[in-house]
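Data first, discussion second: the structure below is written as structure tokens.
The values are calculated or read from the model by the stated rules, or taken from the named source; none is laboratory data. Predicted model, so just to flag it, every value in this text is computed and none were measured. As a convention, Cβ positions derive from the backbone with ideal geometry for all residues, glycine included, and neighbour counts pool all protein chains shown.
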Amino acid sequence: MDMPAAQSRPSGSDALGSVGTIGAALPFLGLLIIGVAFPLFGGAYWSLIATRAYVYWVLVSGLNLVVGFAGQIAIGWVALLTLGAYTTSVLVAGTATPALPPYLALAIAAGAGAVFGLIIGLPALRLRTFYFAITTLGFATILTQVALAWQSVTGGGVGVAGPIFPEPFSSPTGFYYFCFGLAAVCTWMTANIAASRFGRALTAIRDAEVAAEACGIAKPALLGMVFLFSGAVAAIAGGLFASLQSYITPDAFTLDLSVLFFIAILIGGRGSILGPLLGTILLTVLPEFAAPLVAWSTFLYAALLLVIVLAMPGGIAEILDFKNRRPLESHRAIVPRPDLLPHLLGVPTDAGALALEQVTLSFGGVRAIDGLDLEIRPGQVHGLIGPNGSGKTTTLNVISGYYVQQRGTVRLNGMALPVLARNARAQMRIARTFQTPRIVGSASVLENVMIGGTIDGKGTFVESLLSLPRHRRDEAMLRATAMLALAAVGLERLAPARADRLQHSELRFIEIARALMLRPAYLLLDEPAAGLSPEEIKRLGVLLLAIARAGTGVLVVEHHPDLIFDICHHITVLNLGKKLAAGTPAEIRSHREVVNAYLGG
Ligand code: ADP
Ligand code: MG
């Protein structure tokens, strides 16, 4: 992103950022101190329980990115615990290879876990919701069966001894600190991801997949990285688990355990790190207090899950989210600052015209658009009007690459745009908003806007995991640019609020801010004035004109004649997928057919 954006950041964003981070880090710091001191006052038995919680958390921390952030129902993740446990134990025991040192075995298990995590995760790209859940369960069953059948290596039903890690980690206290250290590192790494463009992109895929694609987020690559990471840490947890159990048999890896991991995340709250961490501790400790109820554990988990889904869908994280309980100001006006747009959008580069030529797209028997010609020029506002069902949204979907036309061409500066993945148009700086706003309700307004700049980050997933300098620079840049975009649309004061607490009209402006993060050469807006007050529509008009003046080509689909006739340089009228008329606002106003058919006399 160009630097002018970063320099002209509105005051206040810095303070907001650092106070927010310190506040969010405090609970983790508290847990860290308790964890370090625990063996001193907790006693041997409870230290053992705590060690188990850490082992589980090493797995859950990675799974949390899959389930809590990306929203994939990976219910059979115990498969990777099984894989990691057996790989580590077998390599250390030397039943298949010469005996290896435990650390090397654990590292190999992590590698194997990463590969398997990817294999188990891949179906998520094709299968939705519970179909994917079933495939993960399938893998879990297969691995247990392999462990049972491959007697010469795994010991079959008799089992195999778990690894013992060398000094200083061989004693129970030593092993406690080993697991605690790994759990702490996993917490840190996943918190880094949560606070990165990757974490935000995952929540966008979960809650607003179409918007994520429009922002240029590539789901396969992103999910691939998450599955690799999640598989690796789950397998490491497996190695630790085997050591903790000292002896493993296939029946140690039950479905109950898998369900525990999954429910810990749901109890904790999707899109949170602290919540699932507390959820894991709770579910590990709970059976200790309810020993007589062990036989009922499956029933209890199910009941607990029902209570959560029905009574507190946001989980522990929502209960702890005090910040969002404070009421928002009730009389909030959206006051855009078009003067900030040149800072945000930079110096216009002439992208050339965006033209549709004879574009046709049918859905079954319905010709949604039929031989449509349309040209959008940089620096101008083009209005697209027409009755409901006339093909306006479909036109926008074709330009943004969401649909592929059956005939005709979309040209940018004379070049036909290739048919690529849906997220490819963002690279060409074609941004859009949606007829119904698509946002991540549980994320803050600022985070939602930052999602729009995802493709401008430079750091890799690993750099974000480890919070390396490039990741931190990306975050500072995205935060500053998003604050500027929010100020430009007039919503910077709402930056820290949860997006689902906002009014409908505010969501429309958030979508515009998110689209502006791409520094769009073309901005496509689908009924941006729907649900706005007359005053807000006026301000929207001024904002859109200013965006065009900054060099962007704007396409507005609208019903409000005042907005269209006030701001458009050129108008196209659609009817039944065909162009009914095209021209300047004055020409359209006096077009007899349009007046009769659409403007109602
Ligand atoms: P508008 O935005 O102008 O109201 P649309 O572009 O949404 O109209 O729809 C144009 C026509 O295409 C309508 O008849 C609509 O029912 C049909 N249509 C749009 N999308 C689909 C789809 N995904 N599947 C089937 N029909 C569709
Ligand atoms: Mg529409």
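I'm checking my understanding of the structure. Among residues of the stretch 73-100 that are assigned to a helix (DSSP H, G or I) and farther than 20 Å from I142 by Cβ, which one is nearest to the chain's Cα centre (by Cα)?
Going through the stretch 73-100, the residues assigned to a helix (DSSP H, G or I) turn out to be 78-93.
Next cut, farther than 20 Å from I142 by Cβ only: 91-93.
Working: L91: 37, V92: 38, A93: 41 Å.
Selected residue: L91.
Please specify each residue of the stretch 123-148 satisfying the condition of being over 10 Å from A79 (Cβ atoms), surrounded by 12 or more Cβ atoms within 10 Å (Cβ to Cβ) and out of contact with any helix residue (DSSP H, G or I) (no Cβ under 7 Å at 6 or more places or on another chain).
Within the stretch 123-148, Y131, A133, I134, V146 qualify.
Before we move on, is F38 of a type outside the set (V, I, T), within 26 Å of the chain's Cα centre (by Cα) and either over 20 Å from G239 (Cα atoms) or in a helix (DSSP H, G or I) (or both)? If you could, list the steps in order and put the result at the bottom.
Working: of a type outside the set (V, I, T): yes; within 26 Å of the chain's Cα centre (by Cα): no; either over 20 Å from G239 (Cα atoms) or in a helix (DSSP H, G or I) (or both): yes.
For F38, the condition - of a type outside the set (V, I, T), within 26 Å of the chain's Cα centre (by Cα) and either over 20 Å from G239 (Cα atoms) or in a helix (DSSP H, G or I) (or both) - is not met.
Yes or no: V158 at pLDDT below 90, more than 30 Å from V36 (Cβ to Cβ) and among the hydrophobic types (A, V, I, L, M, F, W, C)? Reasoning before the result, please.
Values: at pLDDT below 90: yes; more than 30 Å from V36 (Cβ to Cβ): yes; among the hydrophobic types (A, V, I, L, M, F, W, C): yes.
Yes: the conditions hold for V158.
Can you confirm whether the stretch 521-537 contains a residue that is touching a residue at least 40 places away in the same chain (Cβ under 8 Å), closer than 25 Å to T203 by Cβ and more than 16 Å from ligand 1 (Cβ to nearest atom)?
For the stretch 521-537, residues touching a residue at least 40 places away in the same chain (Cβ under 8 Å), closer than 25 Å to T203 by Cβ and more than 16 Å from ligand 1 (Cβ to nearest atom): present.
Rundown of residues vs (1) under 29 Å from G457 (Cα atoms); (2) among the polar types (S, T, N, Q); (3) touching a Cys at 6+ places or on another chain (Cβ under 7 Å); (4) within 16 Å of ligand 2 (Cβ to nearest atom), yes/no style:
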| position | (1), (2), (3), (4) |
| --- | --- |
| R377 | yes, no, no, no |
| T395 | no, yes, no, yes |
| R411 | yes, no, no, no |
| N423 | yes, yes, no, no |
| R429 | yes, no, no, no |
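Give the residues of the stretch 281-306 that are surrounded by fewer than 11 Cβ atoms within 10 Å (Cβ to Cβ) and modelled with pLDDT of 80 or more, sorted by residue number.
Result: L306, single match.
Do you know which residues across the stretch 381-395 are surrounded by 23 or more Cβ atoms within 10 Å (Cβ to Cβ), under 32 Å from the mean Cα position of the chain (by Cα) and within 8 Å of ligand 1 (Cβ to nearest atom)?
Passing the criteria: G391, K392, T394, T395.
With the requirement that a residue be buried (at least 23 other Cβ atoms within 10 Å of the Cβ) and in a helix (DSSP H, G or I), what does the stretch 245-257 give you? So that I can check it myself, show each step before the final result.
Here is the first cut: in the stretch 245-257, the ones buried (at least 23 other Cβ atoms within 10 Å of the Cβ) are 248, 253.
Matches in the stretch 245-257: none.
Within the bounds of the stretch 101-122, is there any residue that is more than 32 Å from the chain's Cα centre (by Cα), farther than 17 Å from G159 by Cα and not in a helix (DSSP H, G or I)?
First, pick out the residues of the stretch 101-122 that are more than 32 Å from the chain's Cα centre (by Cα): 101-105.
Still in the list and also farther than 17 Å from G159 by Cα: 101-105.
Now drop any that are not not in a helix (DSSP H, G or I), which leaves 101.
Yes: one or more hits.
I want to confirm something. Restricting to the stretch 400-415 and keeping residues that are touching a residue at least 60 places away in the same chain (Cβ under 8 Å) and touching a strand residue (DSSP E or B) at 6+ places or on another chain (Cβ under 6 Å), which single residue is farthest from ligand 1 (Cβ to nearest atom)?
The extreme case among them is L412.
Looking at V153, V185 in this structure, which one is touching a residue at least 40 places away in the same chain (Cβ under 8 Å), within 20 Å of G111 (Cβ to Cβ) and not small (G, A, S)? First the steps, then the outcome.
On the way: V185 fails: touching a residue at least 40 places away in the same chain (Cβ under 8 Å).
Testing whether each residue is touching a residue at least 40 places away in the same chain (Cβ under 8 Å), within 20 Å of G111 (Cβ to Cβ) and not small (G, A, S) leaves just V153.
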